[in-house]
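The values are calculated or read from the model by the stated rules, or taken from the named source; none is laboratory data. Keep in mind that what you see is a predicted model, and the values were worked out from it rather than measured. Quick reminder, even Gly has a Cβ in these numbers, built from the backbone with ideal geometry, and neighbours come from all protein chains shown.
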């Protein structure tokens, strides 16, 4: 099968998530990196591209040049897809331009900076008919597929309670004051957006809860905390939700839980049972049934659902990790692109990766959190602003 | 050493917590059960007492008779202490009467039904100068002593964030409709009080947070949920707190987390590190330091604090459980009573068990939860009602 | 119910296992300590007895005096049972004398010093018709009862492989040279017997394997190691077994696994599934089925076998530990003694605690280990010495 | 940097380990698969190659053709390296031929079928001066690097005891009789060699023990078991070792531990502490110190050794798994090849991946196991056959 050529925006030397995208794209042999605008600094972009073995002529000084120039290449040479791995403020413009020039897009999360950008991107995706994937990678784990299957197939009964906690400790000091790159942009409102931790990791929790349960929030009670003095954005948050079926939700987020690594977990309880998953032990799903022994479901077990199976590369007991889960998004995109190649079309609902809809929903989540946080009322209606806009 | 004679109110055949109290009292050989008013049904009290090997003459039909009659016994024969192990609505009266007749009291939690009762008991304890212990047993675990030591000695730095989750699944069905004894009174407002799950297990979480951190709440945002249809009290709650030092707190409580057993855990983060403890693996305390390897502290380890050591009976690796932690309260009470015997006095602050102060604070917690729950304001001041009463 | 009066031999101030026996006996309210010969030093015995609140007249200078004098007491005053909690070399004589004077016996493990003693005790038990219990306490855990049920009911299919590892680190230094009491007698051949670690903890592993599987060893290949220089007995061993049904066994024992606490675990594999249990997390039994999801069975779960249920005191999620498991032996003995009281007889096979048969089998295990260790042949027949004696 | 072109022998459609090699090679962007002899069936090789996107002209019907033809390509087009991912019996010939034609080699384990082949390959590697890597992938985990550092830097003190257990359950039925591909060749002496489980997974354990401790065995006592009726090779083994420094070793291997996935663990005890690692939770290393709190070291922690750091791709808390560890071998090979490109030479000891020396040592291990197994003596000298050959 012919590899899918792709270009990358952002992800130069010293970047974290760009390297992850490249490994995820490489893992299953579906993609070939052919070009890049790897840094806002043209010289750094050049060095980074050379380091990655790119053809010098396809290392571009900026994303606009890349998108326009690549569009001139013959179809079998030019990139088919762009991966956008820049900080949040630099998602909207390249994503929109890439779509308009006919490229598929993989974009890091959260989608963008504002709801206006989000809705505009959604329109652009719709208009251009291109594939747009958002890398909420944690839903790529096989055990999350299986958890979703348990829930959506009704095995757990109606869902009553969802708790997701995502805690890290790396921002427990005033790290941005030391010029640390990852900390600096994430705590800078001009680069991160209205929120800090809530955008960086809270949106992962929102995406997880939505992916697993399919429930729609109806009310929210959100509290943002800025624990480290001098910090400009939230580094901790407690968010309560009420869902359309009457279930309750709790999302706890912290980047100041000193010593915590990347402790993302989710508990979902229904009338017939509960399940628990922890990202740091990702190949294990614990199910606690009402009247049966507890089960430990593991990646690679026999009898799992189709989506868990197709998200798994190795036999049971051979741990698959973060990169593999991330790569499952790229694999899904590869399948969609290959369908698109053949049919000039695709049905996004047939693919199991986060899309523009997840991106928009995530941005709405951020807006709801901000609106609730600034309200003295305990509960506000979720997405009330959408109604008031009409 | 002469054993301490005690009587029991409640705890007849089929009771759960009464049996726990008896095992806890027996474990270290300090106590001897000499009398009881073991049930509100005199016949059942009699049968239960015979079953326990009590002298028939000291099996009483009701608590009043017991307290009064025992007071006529010579000092070396009569009970010195009463254990009250009845449902919540039956704590205040026997506790007050026992104190007034000069007996020390161990009382199950929560303290009573109303704040008025709580304050009145506090006055009675103070007036009578007797020992009063409340069985918030979870703070009896050695690893909780050690956790408290880490926090109060400053090792974790100033505390910023406390999260305690206490989830059970046993009330995930409408169990009280089937006449199950434990469920029936706990979900009955006339026997349990203003709250259900919050009183039954939420007060344990409040006690834990207070014991560990010593922080005082200043604001609260509480939400009570009644998940099971037909139930008369809360079976689930999300409670947010703000503390006097600026720290934030989260207490999550549920008795409808299907399949959960007795999953009580607590996470405390300070500027220098975090710690985590889980009741179902109670001999393990995980400490995550900012700049050092994570540590697993275990019951019986060398180098632990004095209070952890004196709460431990066995060498490392020999699991101590729920009854042992419970028994640590009784051991503390035994020490206090022996001091009282010798000195006619004691300094309650020198003993490491929950007292009337914990009981009052727990009742205030319940009141704050109720007040916040019924408020449309996101945050209300904690203990505001105390000021408004003045 | 009338309490069972018992006396204790050994277990004075500073002893470890004597205190455990007392707590185990006290826990369920079945026993009352009425006398003791608590130390080989009469003065220390006296002090220890006073400390325990014993009547001075029933604190004896030595076990012979105690057994004889107690036999003169009226039946409702004298002890009915003796607990022997001395070092190994001091089990045989008091056990035999106590039996001969008509007392029931609870004896710490291993049974005695030599096979001759073991067989003689067995004859005495049989002749006197008294209850004799050996405190291989680890089989008292509810999850071990349940594991045995899975195996013996055939759920796991024919057993193929048993691995038990019991490692501690407390003897990783030459502790006996520092006069530490527990280390000194355990490493002294005149007090411990032919073996050190194998007798102290290896016999627990043998007992566990036998209790769980009921398999009989046919061949053995044993290796004893003395790791710490100057030590007189083994502190580490690797023992391979072949069983009558063709299964293989591995018993690993070490008291020099630095930093290990009391890490005793067992894995049993059959054709249909495997199970795993770890003493330091004793309320959890993992079952790995051939074609079904892994299960975590926990103390207090619904649906457990009768023996697990009757070994459990608390609802699920309330950890029961070492003392509770130990106390299950005492509870079983109490039941047997009460039957004996009524019937003047009892059927030992109806009770679920280790008996003289376990003691003899353990001593045979020690002899087999020693015989194999000193053989250059890889495998020797198990219990070959019994045949050659005939 | 220019990618390293490589060819693959074996690894056609339906293969397990070939796919793993390709993912491992792809992950870090160092390699490009350019040719293959992917199956012994030329038609299947062709289909597999097309599926992988290979140029049809470089999909070869057999390994000889591939090696010879590729050698005619210009240097910048031809493969530089061959990955051999066939069953054991098909390692020696292609490895030797590839080396002789000047290609670097990555070969799956165990090295080959016989000691003669092993020694001959060692000579060939030495003569040709090419890079030869053996994929004992488990030593590629960062926590194993760190464990080795702890041991080799002396932190644990002199090593006394090493226990490694590697259990799987997938061969607990007579799977080879059903034509299952992975089972069929592994249990076929003509394709697997003298041993089954010992070669397949026992050599991983041997490699782990050797890599971690650097100790040399001096004596061995090995027992092979064939548990499943009709099977032609061992599926279970217990192997005892004595090392040159006096330490003892235990290697337990089973592929009939029903329900076990890939449960490979290792415990190493020294005078100052012990460490434990489990492959199924690979980012965690537990260190139990003699006099200090237990530590949990995790991938990505600060303060780790250089080799652990360079084996890590992601921040702490982002799980890295089997493929990443496997890829660490390929990354090491890439570094060595790039040095070779520049210098025409390399120093194999400077690279942290298993080499021909590991392969030879593994084959010697197999021979020792077989020799001991067939001996009635409990212990035989390790590598005695090497002396007797002289």
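Of the residues screened, residue D:241 is not one that is assigned to a strand (DSSP E or B), over 20 Å from the mean Cα position of the chain (by Cα), over 24 Å from residue D:151 (Cβ atoms) and within 11 Å of chain C (Cβ to nearest Cβ).
Taking segment D:194-209, which residues are surrounded by fewer than 24 Cβ atoms within 10 Å (Cβ to Cβ) and either within 14 Å of chain C (Cβ to nearest Cβ) or farther than 19 Å from residue D:167 by Cα (or both)? Listed by number, the list holds a single entry, D:194. Condition first: within 14 Å of chain D (Cβ to nearest Cβ) and not in a strand (DSSP E or B). Now tell me which residues in segment A:244-261 satisfy that. A:255, A:257, A:258, A:259, A:260, A:261 - these are the residues of segment A:244-261 that are within 14 Å of chain D (Cβ to nearest Cβ) and not in a strand (DSSP E or B).
Residue-level check: of (1) within 17 Å of residue D:97 (Cβ to Cβ); (2) in contact with a strand residue (DSSP E or B) (Cβ under 9 Å, 6 or more places away or on another chain); (3) part of a helix (DSSP H, G or I), residue D:68 misses just (2). Among the residues of segment C:301-312, how many are within 7 Å of chain A (Cβ to nearest Cβ) and crowded, with 20+ Cβ neighbours inside 10 Å? So the answer is 1.
The requirement of being assigned to a helix (DSSP H, G or I), touching a helix residue (DSSP H, G or I) at 6+ places or on another chain (Cβ under 6 Å) and more than 23 Å from residue B:70 (Cβ to Cβ) is satisfied by residue B:139. Scanning segment C:263-279 turns up one or more residues that are more than 14 Å from chain B (Cβ to nearest Cβ) and without any contact (Cβ under 8 Å) to a residue 40 or more places away in the chain.
Residues of segment B:27-58 that are closer than 27 Å to residue C:338 by Cα, more than 14 Å from chain C (Cβ to nearest Cβ) and surrounded by fewer than 23 Cβ atoms within 10 Å (Cβ to Cβ): B:43, B:44, B:46, B:57, B:58.
Considering B:98, B:15, the condition of being assigned to a loop (DSSP other than H, G, I, E, B) and under 25 Å from the mean Cα position of the chain (by Cα) is satisfied by B:15 alone. Selection of segment B:119-136 for residues being part of a helix (DSSP H, G or I) and in contact with a helix residue (DSSP H, G or I) (Cβ under 9 Å, 6 or more places away or on another chain) yields B:119, B:120, B:121, B:122, B:124, B:125, B:126, B:127, B:128.
Can you say whether residue B:332 is surrounded by fewer than 24 Cβ atoms within 10 Å (Cβ to Cβ), assigned by TED's automatic domain parsing to the domain that holds residue B:29 and within 22 Å of residue B:153 (Cβ to Cβ), as far as the supplied structure shows? Answer is yes for this residue.
Only one entry in D:122, D:146, D:168, D:152 is farther than 25 Å from residue C:259 by Cα and not assigned by TED's automatic domain parsing to the domain that holds residue D:86, namely D:168.
Considering only segment B:150-183, state which residues are closer than 17 Å to residue C:318 by Cα and within 11 Å of another protein chain (Cβ to nearest Cβ). Working first, answer last.
Here is the first cut: in segment B:150-183, the ones closer than 17 Å to residue C:318 by Cα are B:165-171, B:182.
Selection gives B:165, B:166, B:167, B:168, B:169, B:170, B:182.
Within segment A:232-239, identify whether any single residue is over 27 Å from residue A:89 (Cα atoms) and either in contact with a strand residue (DSSP E or B) (Cβ under 6 Å, 6 or more places away or on another chain) or modelled with pLDDT of 95 or more (or both), and answer yes or no. Within segment A:232-239 (the criterion being over 27 Å from residue A:89 (Cα atoms) and either in contact with a strand residue (DSSP E or B) (Cβ under 6 Å, 6 or more places away or on another chain) or modelled with pLDDT of 95 or more (or both)), the answer is no, since none of the residues qualifies. The residue that is nearest to the chain's Cα centre (by Cα), counting only those in segment C:144-184 that are in a helix (DSSP H, G or I) and without any contact (Cβ under 8 Å) to a residue 40 or more places away in the chain, is C:183. When the criteria are applied in full, residue D:252 meets the requirement of being closer than 22 Å to residue C:237 by Cα, buried (at least 21 other Cβ atoms within 10 Å of the Cβ) and under 22 Å from the mean Cα position of the chain (by Cα). Filtering segment A:2-26 to residues that are touching a helix residue (DSSP H, G or I) at 6+ places or on another chain (Cβ under 7 Å) and either at the interface with chain D (Cβ under 9 Å from one of its Cβ atoms) or at positive phi (or both) leaves A:10, A:11, A:14, A:16, A:20, A:23, A:26. Taking segment C:18-63 as the range and being within 22 Å of the chain's Cα centre (by Cα) and in a helix (DSSP H, G or I) as the test, the residues that pass are C:18, C:19, C:20, C:21, C:22, C:23, C:24, C:25, C:26, C:27, C:63. Of all residues in segment D:262-280, exactly one satisfies the criterion of being buried (at least 24 other Cβ atoms within 10 Å of the Cβ) and in a loop (DSSP other than H, G, I, E, B), namely D:279.
Of the helices (runs of 4 or more DSSP H) lying entirely inside segment A:286-384, those carrying at least 3 residues that are touching a residue at least 40 places away in the same chain (Cβ under 8 Å), farther than 23 Å from residue A:215 by Cα and in contact with a strand residue (DSSP E or B) (Cβ under 9 Å, 6 or more places away or on another chain) are A:322-343. Do you know which residues across segment A:183-193 are under 17 Å from residue A:262 (Cα atoms) and buried (at least 23 other Cβ atoms within 10 Å of the Cβ)? Residue satisfying the conditions is A:186 alone. The residue list C:226, C:216 contains one member that is touching a strand residue (DSSP E or B) at 6+ places or on another chain (Cβ under 7 Å) and surrounded by fewer than 20 Cβ atoms within 10 Å (Cβ to Cβ), which is C:216. When the criteria are applied in full, residue A:298 fails the requirement of being within 14 Å of chain D (Cβ to nearest Cβ), modelled with pLDDT of 95 or more and surrounded by fewer than 16 Cβ atoms within 10 Å (Cβ to Cβ).
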